[in-house]
Amino acid sequence: MNPIATFLVFALIVSGIAAEHWVNLYLAVALFVLATIVAASLKMANVWQKFVILRMGKLQSVRGAGMFAIIPVLDTVVAIIDGRIQTTAFNAEQALTKDTVPVNVDAIIFWHVQDAEKAALAITNYREAIDRVAQTSLREMIGSSMLAALLSDRKDADEQLKVEIGQKTAPWGISVSSVEIRDVAIPVALQDAMSRQAQAEREKQARVILGSAEAAIAGKFVEAAAIYAGHPWALQLRAMNIIYETTKERGATILMPSSMVDSLNPSAATLAFALAGNAVPLDRKGAGAIGPAIPGNGAVQDALAGQPPA
């Protein structure tokens, strides 16, 4: 009983007991009978509930939220339907995909009763039926899908399940709000194989990118060679810059082939050594120094000035 009916029944029983002692027995019996009728007839539905009432085996009404009364003995409440959104978890174990891969899939369905009359009269147990229909539809969807599509296109699979389950449950007054696949488990051996395949694909892509970079670099070298061929002084300046960059580190010893030195213009080589800080050579005629002489480098200065060493 609901709280209001309980209070009224309690009040009538207390009144009957008092009437038995102070008034007469007939009034007490009447109050007891009235209490029984109130307990059997007065009903109250919450805002999310629907009461399906039959009168002598036929549908009398579907009552919603609020207080209402039925006729005892003639009327019967055959079902109390909860209209709130319900969740049902279901799964499919060792289901084969279209490419014959066994998978375990866990999913959940969100649904609610849209028509309480159909849910109460059209099917015996709509909750159990929803679970069975969801499992069957999930296995059918897995059998018609490739593993790659099942793993990557979750939203499409969810929408497909929603449509299929909704079409089967609509005659029962059940509306499907959404279906979500929570997990797709594949065998461990297949996971290792897919991991190796993904790694091989990434290595292949890396090699393709590296080859494209090498081709682009070779093209730039060809352009630079064409520029240096028409401008020999540019090549000499580049060689001087390379020498300067290699001698910037303190305490570094550079071994340079004589052919590389001969390919450079003497004045360009002199400027490169000056920039490197190794020596500031004299001019060719020995008339005057381009910069101050550095002790201990006389042989280098004489060689650069075209004089035989002392």
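The values are calculated or read from the model by the stated rules, or taken from the named source; none is laboratory data. For clarity, every value in this text was computed on a predicted model and none was experimentally measured. Every residue, glycine among them, receives a Cβ derived from its backbone with ideal geometry; neighbour counts consider all protein chains shown.
Okay, here's what the table says:
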quantity: Criterion: assigned by TED's automatic domain parsing to the domain that holds PRO171, more than 21 Å from ALA40 (Cβ to Cβ) and modelled with pLDDT under 90 - qualifying residue of ALA95, ALA129, ALA116; calculated: ALA95
quantity: Which numbered condition PHE68 fails, given (1) not in a strand (DSSP E or B); (2) not assigned by TED's automatic domain parsing to the domain that holds SER178; (3) not charged (D, E, K, R); calculated: (1)
quantity: Extreme residue, farthest from ASP115 (Cα to Cα), among residues of the range 51-69 that are surrounded by 13 or more Cβ atoms within 10 Å (Cβ to Cβ) and among the small types (Gly, Ala, Ser); calculated: ALA69
quantity: First in the range 122-145 and in a helix (DSSP H, G or I), second anywhere and among the hydroxyl-bearing types (Ser, Thr, Tyr) and modelled with pLDDT under 90, Cβ under 9 Å, 6 or more apart; calculated: ILE142/THR97; GLY143/THR97
quantity: Residue check for ILE80: modelled with pLDDT of 90 or more, among the hydrophobic types (A, V, I, L, M, F, W, C) and out of contact with any Pro (no Cβ under 9 Å at 6 or more places or on another chain); calculated: yes
quantity: Test set (1) surrounded by 14 or more Cβ atoms within 10 Å (Cβ to Cβ); (2) within 55 Å of the chain's Cα centre (by Cα) - LEU12 fails condition number; calculated: (2)
quantity: Residues that are charged (D, E, K, R) and in contact with a Lys or Arg (Cβ under 9 Å, 6 or more places away or on another chain), drawn from the range 133-192; calculated: GLU180
quantity: Odd one out for THR87, checked against (1) crowded, with 16+ Cβ neighbours inside 10 Å; (2) polar (S, T, N, Q); (3) not in a helix (DSSP H, G or I); calculated: (1)
quantity: Counted residues, the range 139-180 - those being in contact with a His (Cβ under 7 Å, 6 or more places away or on another chain) and buried (at least 17 other Cβ atoms within 10 Å of the Cβ); calculated: 0
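Conditions (1) exposed (fewer than 15 other Cβ atoms within 10 Å of the Cβ); (2) not in a strand (DSSP E or B), marked per residue:
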| residue | (1), (2) |
| --- | --- |
| LEU27 | no, yes |
| THR36 | yes, yes |
| LYS43 | no, no |
| VAL73 | yes, yes |
| ALA79 | no, no |
